[in-house]
1. Report the residue, chosen from Arg163, Arg114, Arg129, that carries the largest GNM mean-square fluctuation when the chain is represented by alpha-carbon nodes joined by springs under 10 Å.
2. Can you count the Lys pairs in the chain whose Cα atoms are under 21 Å apart, with each pair 8 or more apart or on different chains?
3. How big is the Cα convex hull of segment 92-135 in projection, averaged over all directions, in nm²?
4. What spacing in nm lies between the two simple spin-label points modelled at Ser80 and Ser56, each 7 Å away from Cα in the Cβ direction?
5. What whole-number distance in Å separates the alpha-carbon centres of segment 73-107 and segment 1-35?
6. Can you quote the Å³ per residue value for the convex hull of the Cα atoms in segment 59-124, rounded to an integer?
7. Report the gain in length on full extension from Glu128 to Ser16: 0.36 nm times residue separation, minus Cα-Cα distance, nm rounded to one decimal.
8. Convert 37 °C to kelvin, take the viscosity as 0.692 mPa s, use the Kirkwood radius over C-alpha pairs of segment 1-58 as Rh, and evaluate the Stokes-Einstein diffusion coefficient in µm²/s, rounded to a whole number.
Amino acid sequence: MGALIAKRISMQMPVSFTIAMNDIGFELLTDRKIDPDLLIQKSLFSTQNLTSDIQSSINSVEMARRRFRDIARISGLIFSGYPGKPKKDRHLQASSQLLFEVFKEYEPDNLLFRQTYDEVLTFQLEEERLRNALERIQRQEMIIKKPGKFTPFAFPIIVDRLREKTDFRKTRRPHQTHEN
């Protein structure tokens, strides 16, 4: 839902977001000042154009490409090797990517190709679950609160954000030696 809302806000105004999420909620960070009273409307949580908005809000093509490898292997489009002598994963990935690109370019109505996107929406993005949540939000009264400090629900997301910054700095810092 975080990526979907970020996409829909960016359609209203040019803005980029960093998204953090967990089971309780999500956080959209930007370097621009945004007035939530003006931007956060019921239309932001609409189910209209949901499928196309989901696909444009995330890299659904890359997710489909990865999913297609399993579909191509199960359907027999690619040979995964003999018993006891399986082909290497990189060979399977290369073969399935080639087939994926051919279907995408020349036969987008192919049943296996369409099944890939259906499975991504159903199992990885849980479109139906998202649709139900958005419909539930549409039926409820929307109340925007601006607490003066972080709430207990925000704590896990804030900690994850701080942890990522710390981990990023550790990986980006040059090796330092300490003298006694």
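1. Maximum fluctuation in the GNM of the chain, among the listed residues, is at Arg163.
2. Qualifying lysine pairs in the chain: 9.
3. Working: hull surface 15.0 nm².
So the Cα hull casts an average projection of 3.8 nm².
4. About 3.7 nm, to one decimal.
5. Each part reduced to its Cα centre gives a spacing of 37 Å.
6. It is 85 Å³ per residue.
7. Working: separation 112, 0.36 × 112 = 40.32 nm, distance 2.66 nm.
Stretched out fully, the Glu128 to Ser16 stretch lengthens by 37.7 nm.
8. Working: Rh = 12.0 Å.
Once the numbers are plugged in, D ends up at 275 µm²/s.
Read the figures in this text as sums done on the coordinates, not as results from a lab. Fair warning: this is a prediction, and the values are worked out from it, not measured in the lab. Backbone-built Cβ (ideal geometry, glycine too); neighbour counts: all protein chains shown.
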